[in-house]
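Got a structure here, written out as structure tokens. Questions coming.
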Amino acid sequence: MSAHGSPDYKMSPMQSKKVFSFKGEATIPGDKSISHRSMIFGGLASGTTKVRGLLEGEDVLASAKAMQALGATITKVGSGPDSEWIIQGVGNGLLLAPKDPIDFGNAGTGCRLFMGLLGSYDFETTFIGDASLSSRPMGRVLNPIAQMGTQIIAQVEGGRLPVTIKGPKVAAPITYKVPMPSAQVKSAVLLAGLNAAGTTVVIEETFTRDHTENMLKGFGADLTVETDENGVRTISLVGQGKLQGQEILVPSDPSSAAFPIVAALICEGGDVTLPGILMNETRTGLITTLIEMGGDIEISNERLSGGEKIADLRVRHSALKGIKVPGHRAASMIDEYPVLAVAACFATGETHMEDLAELRVKESDRLAAVARGLKQNGVDCEEGEDWLKVRGRPDGKGLGGGKSVVTHLDHRIAMSFLVMGMASQKPVTVDDSGPIATSFPEFVGLMSDMGAKLE
Ligand code: S3P
């Protein structure tokens, strides 16, 4: 298949029609953030790492390929739910120079984490990606690694791909205050710190997803986290330590679960059970918000799996009401705003979402893409520089039937609008469903099995 957005790429439009029943139990694929990190840390650590429940989406497979290009051996054993990925890592500090540019496809997380990782290696690496990734800012990672001694040999204006970097002989540790709420930037600096001579310190004012910290500790890194009375976190990592291969069970991705959750709430006859969803507090903002809106979301069987909190969710059709979503919650639901905006279309009153500046630099400018798609489909909404207001219509009357929504190679824009079509009076069409395979290849089958009409 040609890369999404390349000249010979063929878009796959898709339409979603109103359903009167959306019921069943579904196993959501593995968490994308943890899957990327499983490949990276497994490939870097000494010895064998075994991963079950890996998300086999295009983004994660690009990280696996990148790790292979850097010397790791990665094989998949078995198929279906019992399959296992076996990684023979190279050892911290021992990655090999890649022979060719590394292609990260659509994946911002893969690209930015590898930029950090390779920023401290004394060889050249060139990073390339699809049209969406090539439009995203990489300066946020290039700036801190340059302080550690990385040379930025080539970049397109504004820190865009293709980017070529070369690490120093020995990277210097830094203390870095992350200027925007971004787990990718935090993680990139920590990954560069893994191969630096001394202690790298990362300070974050907003608590973003903490999978890098948790997993690095699990792999044996000397990493500590201190949180002050204002919630500011100081993460200290001692470089050049040994990482040891681990066994990892990846929990189900709450960011993918968001689509059937919202669909069950807004569809007549919605009643869906989703077992084993990751409930790490840096990821559950959407669930908190939907419950505040009146959503019937039952959380049961809370337990620990591989050091992460998980739970089973049962979600039933509910009368939702609009609310003001507190801005401080944004980091814990940053990928879920497009589908929250869809839930808001079916709530009484206004839903006000704020502190959304980061949405403008995702796989697309998600704030603009959502507002445009909603307006085209009859929704009363307003877009500000970093906020969105949506006024809903609980019966879905007059919604849908618009021009095909432009998805800009953004999987979450495609899935969100397909969920909208499940409850709007008229069908909703998206211009391209292809990028859904980057994060949730099972989406169409899984949603259709429970009653979605997608074609
Ligand atoms: C991710 C961090 C978030 C998120 C992305 C995954 C990660 O990006 O949007 O889907 O795994 O670290 P930012 O760090 O840019 O907020």
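Taking the mean number of other Cβ atoms within 10 Å as a proxy for protection, how do you rank 358-368, 246-256 from highest to lowest? Show your work: numbers first, answer last.
Numbers: 358-368: 20.5, 246-256: 22.4.
Highest mean packing first, the order is 246-256, 358-368.
In degrees between 0 and 90, to the nearest 10, how far off the longest principal axis of the chain does helix 254-266 point, with axes built from Cα atoms?
0
So, in nm, how far is label T234 from label A197 when the simple model puts each one 7 Å beyond its Cα toward the Cβ?
Between T234 and A197, the label points sit 2.5 nm apart.
What shape does region 32-249 have by the C-alpha gyration tensor, where a ≥ b ≥ c are the square roots of the eigenvalues, rounded means a/c under 1.5, and otherwise prolate means a/b greater than b/c and oblate the rest?
rounded
Sequence gap at least 6, Cα distance under 8 Å: using those rules, report the relative contact order of the chain to the nearest whole percent.
Relative contact order for the chain comes out at 19 percent.
Taking only protein heavy atoms and a 1.4 Å probe, what accessible area per residue, in Å², does the chain have with all protein chains in place?
Accessible surface, normalised per residue, equals 36 Å².
Let me ask something else about it. What distance in nm lies between label points placed 7 Å from Cα along the C-beta direction at E302 and N143?
3.7
Another question, if that's okay. Kindly state, as a whole number, the per residue volume in cubic angstrom of the convex hull around the alpha carbon atoms of the chain. All intermediate terms of the calculation are to be shown ahead of the outcome.
Values: hull volume 57.6 nm³, N = 455.
Spread over its residues, the Cα hull of the chain gives 126 Å³ apiece.
If you don't mind, there's one more thing I want to ask. For region 124-222, which whole-number percentage of the solvent-accessible area (1.4 Å probe, protein heavy atoms only) is attributable to carbon and sulfur atoms?
Values: 1820 of 3530 Å².
For region 124-222, the apolar C and S fraction of the accessible surface comes to 51 percent.
Tell me, what % of the accessible area of region 1-76 is carbon and sulfur with a 1.4 angstrom probe?
That share works out to 53 percent.
Turning to a different aspect of this structure: For every other residue with a beta carbon closer than 9 angstrom to the beta carbon of L409, add +1 if it is Lys or Arg and -1 if Asp or Glu, then tell me the sum.
Local net charge: -4.
Rounded to two decimals, what is the ratio between the C-alpha radius of gyration of region 18-70 and 2.2 N^0.38 Å?
Numbers: Rg = 15.3 Å, N = 53, 2.2 N^0.38 = 9.9 Å.
Region 18-70 yields a ratio of 1.54.
Against the longest principal axis of the chain, how steep is helix 183-193, in degrees 0 to 90 to the nearest 10, with axes from Cα atoms?
10
Can you run the Rg to Rh ratio on region 19-120? Use alpha carbon positions and the Kirkwood inverse-distance Rh.
Result for region 19-120 is an Rg/Rh of 1.06.
Still on this model: On a full-extension model of 0.36 nm per residue, what is the gain between L94 and I291, subtracting their alpha-carbon distance, rounded to one decimal in nm?
66.2 nm
With labels modelled as points extended 7 Å from the Cα through the Cβ direction, what inter-label distance (nm, one decimal) is found for K453 paired with K375?
3.0
When the Cα centres of region 406-434 and region 214-283 are compared, how far apart do they sit, in Å?
Cα centres, region 406-434 to region 214-283: 27 Å.
Which of the peptides 300-311, 276-287 is most tightly packed, and how do the rest follow, judged by the mean count of other Cβ atoms within 10 Å per residue?
276-287, 300-311
Let me ask something else about it. Among the GluC sites (Glu not before Pro) in region 196-246, which ones are in a DSSP loop with at most 15 other Cβ atoms within 10 Å of the Cβ? Mind listing them?
Sparse-neighbourhood loop GluC sites (Glu not before Pro): E205, E229.
Per 0.36 nm of contour for each residue apart, how much would the distance between E226 and K50 grow if the chain were fully extended, relative to their Cα-Cα spacing?
Here the segment from E226 to K50 would lengthen by 60.4 nm.
Where the centre of each part is set by its Cα atoms, how far does region 297-360 sit from region 80-132, in angstrom?
A separation of 31 Å, based on Cα centres.
What FRET efficiency would be calculated for the residue pair S12, V170, taking the C-beta separation as r and a Förster radius of 56 Å, to the nearest 0.05? Could the numbers behind the result be given before it?
Numbers: r = 48 Å, r/R0 = 0.86.
Step by step, r from the Cβ atoms, then E = 0.70.
Measure nothing fancy, just the Cα-based angle from helix 32-44's long axis to the longest principal axis of the chain, in degrees from 0 to 90, nearest 10.
20
The values are calculated or read from the model by the stated rules, or taken from the named source; none is laboratory data. What you are looking at is a predicted structure, and each value in this text was computed from that prediction instead of being measured. Positions of Cβ are generated from backbone atoms using ideal geometry, with glycine treated the same way; all protein chains shown enter the neighbour counts. Please note that ligands, DNA and RNA were not included when accessible areas were found on the heavy atoms of the full protein model with its side chains. Shrake-Rupley method; radii C 1.70, N 1.55, O 1.52, S 1.80 Å.
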